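Report on the structure given below.
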Amino acid sequence: MTGEDEDNAPVRVRATSGVILRDPDGRVLLMRRRDEDTWGIPGGGVEPGESWSDAALRECREETGWQARIDGLLGVYSDPSTQVHRYPDGGRRQFVGVVFAATALRRIGSGDGEAVELRWVTAGDVPEPLFTPDRPVLRDAFDPNLRPPTIG
């Protein structure tokens with residue numbers, strides 16, 4: 001599906017899935033992406049034949065080398081004001097993303113090279129620049145009063 005935004009660039013809708021991966025100390029794993037040099041959560045597109053949860057676990061494993069256990073749904077994110085992103089090649093996507101809360105089980109590899117750095121963070125030390133569509137996800141992940149799931 002395509003549309004146009006305020007500057008008339010084509011926008012494609014993309015189904016995505018990701019994880020807020022926590023370690024035993026409650027920190028969240030972020031990755032710095034090679035293609036944009038931005039920090040964000042592990043996640044990506046849902047492939048044909050995959051469930052949302054299968055896609056989230058696959059993306060986490062592929063990008064970070066971490067095996068995870070899904071603990072619940074954090075939220076569904078689709079608001080164009082936060083979920084439309086322009087890539088360096090000019091392509092624009094509106095993400096319709098399902099984000100799960102997950103626990104890190106064990107590191108089983110080094111990742112596929114999409115991440116050039118991994119970092120466990122708390123709410124007070126989230127690095128910049130942050131992948132813009134992940135801002136509301138991280139806000140919700142670190143909100144102690146949030147009652148998942150969130151739909152926004």
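The values are calculated or read from the model by the stated rules, or taken from the named source; none is laboratory data. Because the structure is a prediction, the values reported are computed rather than measured. Ideal geometry is used to build each Cβ from the backbone, glycine not excepted, and the neighbour counts take in all protein chains shown.
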TODO: Answer yes if at least one residue in segment 8-31 is part of a loop (DSSP other than H, G, I, E, B), modelled with pLDDT under 95 and farther than 23 Å from G113 by Cα, and no otherwise.
DONE: yes
Open item on the list: Residues to consider are R139, R147; find the one that is modelled with pLDDT of 95 or more and not small (G, A, S).
Closed with: R139
Task: Looking only at segment 48-94, and only at residues there that are acidic (D, E) and crowded, with 18+ Cβ neighbours inside 10 Å, the one that is farthest from W120 (Cα to Cα) - done: E59
TODO: Scan segment 58-104 residue by residue and report those that are in a loop (DSSP other than H, G, I, E, B) and of a type in the set (G, A, S).
DONE: G65, S78, G90, G91
Open item on the list: Show the residue pairs meeting these rules: Cβ distance below 9 Å; 6+ apart or different chains; first residue within segment 105-122 and assigned to a strand (DSSP E or B); second residue aromatic (F, W, Y).
Closed with: L105/W66; R106/W66; R107/W66; E117/W39; L118/W66; R119/W39; V121/W39
- [ ] Report yes if P80 is over 21 Å from R135 (Cα atoms) and out of contact with any helix residue (DSSP H, G or I) (no Cβ under 7 Å at 6 or more places or on another chain), otherwise no.
- [x] no
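Before we move on, is G97 buried (at least 16 other Cβ atoms within 10 Å of the Cβ), in contact with a Ser or Thr (Cβ under 7 Å, 6 or more places away or on another chain) and at positive phi?
no
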TODO: Among the residues of segment 123-152, write down those that are without any contact (Cβ under 8 Å) to a residue 60 or more places away in the chain and outside any helix (DSSP H, G or I).
DONE: D143, P144, N145, L146, R147
